[in-house]
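**Student:** Encoded as structure tokens, here's the structure I'll be asking about.
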């Protein structure tokens, strides 16, 4: 149970950082494309 | 290249972009090896049985929980003294990682403590200072979110990081100058290379590998997060909107 909780927490943490990174990159690319 | 040149966001983005693929690969290999080795290929303990395998999550998570705050302390000092934005952003980004690691350490410690000590929790020096550290992480993240102006937020959270670092240090060293309490003393000391203190050799190597994996994960996520924050700031400049 402890292992499962720990691995889930790590997965959520990594998922949060990766998904936010992808979202901001996409938004910046769109914004820079619109600007030009 | 001097260290301070990475305070330039463009240089930081260039360097971190080149380093990240290697870091990600190394992190995955090290972390997976350590956890799989520890969980599947180590013997059960004579007294603790299979419960001892929580150590491969609990100890590395606690290690990162303390060191993440110390990194935030250093980043905050650099912001207050030299006003490098990259440093403040790195500290901001490290906080949720440290919070998660502290939570993992507290939760796995409680789950481990019940069969071993007969209780989920005691108010001993190490556990109490760790809980306070967890609350400081929460406060730090909340303070960043509460203040609209980024530079003011960085100033105030830097002060909080410096004050809270006392508890990070206490968590690590409390057992040396208070009564021992229920929590065991140091498992691993790092002087000339890591040395095992209170742990059998069979568990020590996968533990070190797990700790290395968690450390690499921390560095990787801080780099990813800082790059995201730099891009978000650029986006705010272009569009004048919050992310």
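**Student:** So how much slack lies between residue B:149 and residue B:51, counting 0.36 nm per residue of separation and subtracting their Cα-Cα distance, in nm?
**Tutor:** On the way: separation 98, 0.36 × 98 = 35.28 nm, distance 4.74 nm.
Going from the current span to full extension adds 30.5 nm.
**Student:** Hey, rough spin-label estimate for residue A:1 and residue A:19, points 7 angstrom out along Cα→Cβ, what's it come to in nanometres?
**Tutor:** 2.7
**Student:** Would you compute, from DSSP H runs of 4+ residues alone, the mean residue ellipticity of chain B at 222 nm, taking -39500 (n - 2.57) per run and dividing by the full residue count, rounded to the nearest 500?
**Tutor:** Details: 6 runs with 182 residues, N = 243.
One gets -27000 deg cm²/dmol as the mean residue ellipticity at 222 nm.
**Student:** Can you put B:101, A:1, B:13 in order, fewest other beta carbons within 10 Å first?
**Tutor:** On the way: B:101 30, A:1 9, B:13 17.
Ranked by crowding around the Cβ, least crowded first: A:1, B:13, B:101.
**Student:** Here's another thing I want to ask about it. How high is the relative contact order of chain B, given as a whole-number percent (alpha carbon pairs under 8 Å, six or more residues apart)? Mind showing how you got there, number by number?
**Tutor:** Values: 293 pairs, mean separation 73.5, N = 243.
Once divided by the residue count of chain B, the mean separation gives 30 percent.
**Student:** Dividing the convex hull volume of the alpha carbon atoms of the protein assembly as shown by its residue count, what do you get in Å³ per residue?
**Tutor:** Values: hull volume 39.5 nm³, N = 279.
Residue-normalised Cα hull volume stands at 142 Å³.
**Student:** Quickly work out the residue A:29-to-residue B:26 label distance, labels modelled 7 Å from Cα along the C-beta direction, and quote it in nm with one decimal.
**Tutor:** Going from the residue B:26 label point to the residue A:29 one covers 2.8 nm.
**Student:** With springs connecting C-alpha atoms under 10 Å apart, model chain B as a Gaussian network and identify which of B:35, B:209, B:143 has the largest mean-square fluctuation.
**Tutor:** Comparing B:35, B:209, B:143 in a Gaussian network model of chain B, the most mobile one is B:143.
**Student:** Let me ask something additional. Over the Cα atoms of chain B, how large are the radius of gyration and the largest Cα-Cα distance (Dmax), in Å?
**Tutor:** So, for chain B, Rg and Dmax equal 19.3, 62 Å respectively.
**Student:** According to the Kirkwood expression over distinct Cα-Cα pairs, how big is the hydrodynamic radius of region B:39-134, in Å? Numbers along the way, then the final one.
**Tutor:** Values: mean 1/r = 0.0672 Å⁻¹.
Taking every pair of different Cα atoms in region B:39-134, averaging 1/r and inverting gives 14.9 Å.
The numbers here are math on the coordinates, done by the rules we state, and not lab data. Keep in mind that what you see is a predicted model, and the values were worked out from it rather than measured. All Cβ positions, glycine included, derive from the backbone under ideal geometry; neighbour counts span all protein chains shown.
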